[in-house]
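Engineer: Before I ask anything, here is the structure I am working with.
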Amino acid sequence: MKAKTSAWFRGLVRICLMAGAIAVMLAVMPRVDHNSYSYEVNQPWKYPLLTAEFDVPVLRDSASIAAKRDSINANFIPFVKRIDEVAIANQANLMKALTDSASGTISRTDLTILSSLLAQVYRDGVMDSDLENSLDGLEQMRVRVADASDPSIIVERDVAPMLTAGEAFVFIDSAYTRLKGADESALTTPMARALHSAINPNVVIDSVFDQKFRTQELQEVTAALGVIKQGQRIVDRGEIVTPQVYTNLQTYMKMLDELDDHEETQVFYYLGRGVIIFLVLLVLYVYLSHYRPEFYDSLKQMSFLVVYITLFVVFGILMFEFVPGGLSMVPFAAVPVVVMVFFDSRTAIISLLATVLITSLVATFPQQFIIMQALVGIFAALSITQLTKRSQLLQTAVITFVTYCVAYTALQLVREGAWSGINYHVYAYFAINAIVLSFVYILILVIEKIFGFTSNVTLVELSDINNPLLRRLAQDAPGTFQHSVQVSTLAAEAALAIGANTLLTRTGALYHDIGKLESPSFFTENQHGVNPHNGLDPETSAKKIISHISCGLALAKSNKLPKVIRDFISQHHGKGMARYFYTTAVNERGMENVRKEDFQYPGPDPMTKETAILMMADAVEAASRSLQDYSQESITNLVNKIIDGQVADGMFKEAPISFRDIETIKRTFIKRLGNIYHTRISYPEMNARKDKEK
């Protein structure tokens, strides 16, 4: 029941992973295909000929509109109207004010002169401040007057005779003084005060007509200059996107959006792309379930693959949408390189194809994109059979750049039929792509931390005998260190023989006995005449021996060794027995008086080919040290006895290892031990030279 529930839960998680990936990819995809166009002002149009699907109005570009509006506002001739009531009222006010203030002393002649001058000013027009400001800066100092009875009749008038209130006062003062023949102002204070009160603007802006005609002129700026008829060219490949062409494109795209929204094509657009993404991910799922069931059953590995592919697709789409030439700078070759580090080359290629196929849904030229990215990704994967050092990534980056350049050039020649069709700026994008790929080592480290994977680069670093933990083992437990080195060599050859992970096996073997650092003298290989087990009961001795598993795990955890290495520590004895002390206890007290569990290792039994190989190599190497006869027959008997005993005890039931693999491992051990302990030739001793002659 538990197994069924577990399988059901894993299936549910896999379904959720796929659904989430599809949702995320669709969320970042452009709304419709035409939005995939990426273009800039004063840059060449990089897509095929674009023709109008319907009539498109030709509008001014934003810069032209702004300039035209500024020009209209700067040169707009204002509309004015004359308020005759102002002149009549102020004429009367002046006469009344002068008569009252002068107490009849002002002559009628002076009253007539001032009244006549004021009437002249009002006939020419007195402007208000708003009108004066609107005239400021105009090339032609003119105003327009609309006929009240027929607004279609508009008359332009020169504003030169018109005065402001201040100018009108100065004019009347000067004219009156001149007529009086005086050298200075002839106006008395009461006269000046009355005149100031009587001069008010009678020519003001006609806001109704002014706003109407100003609006009309401004609207003409945004009106269509013409029409691009259905089927006519909007822009062609290689043509520079001028501000006007850019405006035409923006108008066309906006109209397409409105049409698409109206026809509800978005639903079918997303449905179609969603189905394509589903089919691509389904291929990945089917491949993993049939050919890599160990990956398919691991939620951690499945999560990594789906998340990694999804994030790469999202990154590619966003780069395409927001960065000119961005899709060419996305290092798709990093997909197979990274996947191959943690999985295998076949899974890496499938992951690459899934990523490229989905991303091609937004590519400008999908066929070219798929061919080029597939070629580059495969070459990148082939260039790194096993990533063990960072410098390999630099080599892969160079190969990637060359492949990009060659593939792009060839595809352009096929499509364009001439060298002129090649955009040399793309090569710079490929260079950026290769540079980014060379730093994918950082991404590998991040993935290791997040998902708990272990790359070959990390294994190589851990297998260096100058590693602090291994140096400590060599100094404090030299016998154990030598044993670990011998076991690692033996196990690595066996792993190579059956196709297991050689580097992982070798590294795990180097660390499998680090728990002996806690009490190295309790282990035979580190003893020099004194045996601390003397005087201890078998249970205590067994407990001390068995504790090197828990001590090793604690030491590995404190030194941040990855889980795959800790598995070698916990599984290299499985649930086996500390048989020497168990046998001693049974011989001393009888089997019925001995608790078997007191002599049993905590396990678990080996669960991978690599840990199973280590269990065999560890037992065989340790036992081989006690051989008295290193003949081929004795070595063969030893290897068969130990490994057959482990098989009989069911130690390898949890490991995916076959009987054929076990027989291959036996032959490898026998050959290797034979080379180590081969019989040496006895060199003859030289007899002392006898002096025959005295």
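The values are calculated or read from the model by the stated rules, or taken from the named source; none is laboratory data. These numbers come from a predicted model, not from an experiment. Neighbour counts are summed over all protein chains in view; Cβ atoms, including those assigned to glycine, are modelled from backbone coordinates with ideal geometry. In case anyone asks, the SASA skips ligands and DNA or RNA and just uses the protein heavy atoms, side chains included. Shrake-Rupley method; radii C 1.70, N 1.55, O 1.52, S 1.80 Å.
Engineer: Determine which member of the set Val126, Val86 is within 17 Å of Leu195 (Cβ to Cβ), touching a residue at least 60 places away in the same chain (Cβ under 8 Å) and touching a helix residue (DSSP H, G or I) at 6+ places or on another chain (Cβ under 7 Å).
Structural biologist: Exactly one residue qualifies, and that residue is Val126.
Engineer: Consider Ala97 carefully, then state whether it is within 21 Å of Ser134 (Cα to Cα) and open to solvent by less than 60 Å² (accessible area, probe 1.4 Å).
Structural biologist: Values: within 21 Å of Ser134 (Cα to Cα): no; open to solvent by less than 60 Å² (accessible area, probe 1.4 Å): yes.
The answer is no for Ala97.
Engineer: Answer yes or no: is there a residue in the range 318-333 that is closer than 21 Å to Leu279 by Cα, open to solvent by less than 20 Å² (accessible area, probe 1.4 Å) and in contact with a helix residue (DSSP H, G or I) (Cβ under 9 Å, 6 or more places away or on another chain).
Structural biologist: First, the residues of the range 318-333 that are closer than 21 Å to Leu279 by Cα: 332.
Pick out the ones that are also open to solvent by less than 20 Å² (accessible area, probe 1.4 Å) and you get 332.
Cutting the leftovers down to in contact with a helix residue (DSSP H, G or I) (Cβ under 9 Å, 6 or more places away or on another chain) gives us 332.
Checking the range 318-333: at least one residue is closer than 21 Å to Leu279 by Cα, open to solvent by less than 20 Å² (accessible area, probe 1.4 Å) and in contact with a helix residue (DSSP H, G or I) (Cβ under 9 Å, 6 or more places away or on another chain).
Engineer: Among Gly650, Gly603, Gly645, which is open to solvent by less than 30 Å² (accessible area, probe 1.4 Å) and over 52 Å from the mean Cα position of the chain (by Cα)? Explain how you work it out, then say what you get.
Structural biologist: Working: Gly650 fails: over 52 Å from the mean Cα position of the chain (by Cα); Gly603 fails: over 52 Å from the mean Cα position of the chain (by Cα).
After applying the criteria, what remains is Gly645.
Engineer: If you don't mind, another one. Which of the residues belonging to the range 259-279 are open to solvent by 40 Å² or more (accessible area, probe 1.4 Å) and modelled with pLDDT of 70 or more?
Structural biologist: Val267, Phe268, Tyr270, Leu271, Val275, Ile276, Phe278, Leu279
Engineer: Does the range 459-481 contain at least one residue that is in contact with a Pro (Cβ under 7 Å, 6 or more places away or on another chain) and among the acidic types (Asp, Glu)?
Structural biologist: Narrowing the range 459-481 to residues in contact with a Pro (Cβ under 7 Å, 6 or more places away or on another chain): 476-477, 480.
Restricting the remaining residues to those that are among the acidic types (Asp, Glu) gives 476.
Within the range 459-481 (the criterion being in contact with a Pro (Cβ under 7 Å, 6 or more places away or on another chain) and among the acidic types (Asp, Glu)), the answer is yes, since at least one residue qualifies.
Engineer: Okay, moving on. Scan the range 504-527 and give yes if some residue there is under 42 Å from the mean Cα position of the chain (by Cα), open to solvent by 20 Å² or more (accessible area, probe 1.4 Å) and either closer than 23 Å to Ala491 by Cα or small (Gly, Ala, Ser) (or both), otherwise no.
Structural biologist: yes
Engineer: Further, regarding this structure: In the range 611-642, what residues are among the small types (Gly, Ala, Ser), in a helix (DSSP H, G or I) and surrounded by fewer than 20 Cβ atoms within 10 Å (Cβ to Cβ)?
Structural biologist: Residues satisfying the conditions are Ala622, Ala623, Ser634.
Engineer: Could we say that Thr664 is farther than 22 Å from Arg506 by Cβ, surrounded by fewer than 18 Cβ atoms within 10 Å (Cβ to Cβ), hydroxyl-bearing (Ser, Thr, Tyr) and in contact with a helix residue (DSSP H, G or I) (Cβ under 7 Å, 6 or more places away or on another chain) here?
Structural biologist: Working: farther than 22 Å from Arg506 by Cβ: no; surrounded by fewer than 18 Cβ atoms within 10 Å (Cβ to Cβ): yes; hydroxyl-bearing (Ser, Thr, Tyr): yes; in contact with a helix residue (DSSP H, G or I) (Cβ under 7 Å, 6 or more places away or on another chain): yes.
So Thr664 does not fit the description; no.
Engineer: Can you go through Leu131, Leu117 and tell me which one is within 20 Å of Ala97 (Cα to Cα), of a type outside the set (Ser, Thr, Tyr) and open to solvent by less than 40 Å² (accessible area, probe 1.4 Å)?
Structural biologist: Leu117
Engineer: State all residues of the range 384-425 that are small (Gly, Ala, Ser) and surrounded by 19 or more Cβ atoms within 10 Å (Cβ to Cβ); if no residue qualifies, say none.
Structural biologist: Matches in the range 384-425: Ala397, Ala407.
Let's see how each residue does on (1) at pLDDT below 75; (2) under 21 Å from Thr242 (Cβ atoms); (3) not charged (D, E, K, R):
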{"site": "Thr51", "(1), (2), (3)": "no, yes, yes"}
{"site": "Ile65", "(1), (2), (3)": "no, yes, yes"}
{"site": "Val86", "(1), (2), (3)": "no, no, yes"}
{"site": "Asn90", "(1), (2), (3)": "no, no, yes"}
{"site": "Asn93", "(1), (2), (3)": "no, no, yes"}
{"site": "Ser103", "(1), (2), (3)": "yes, no, yes"}
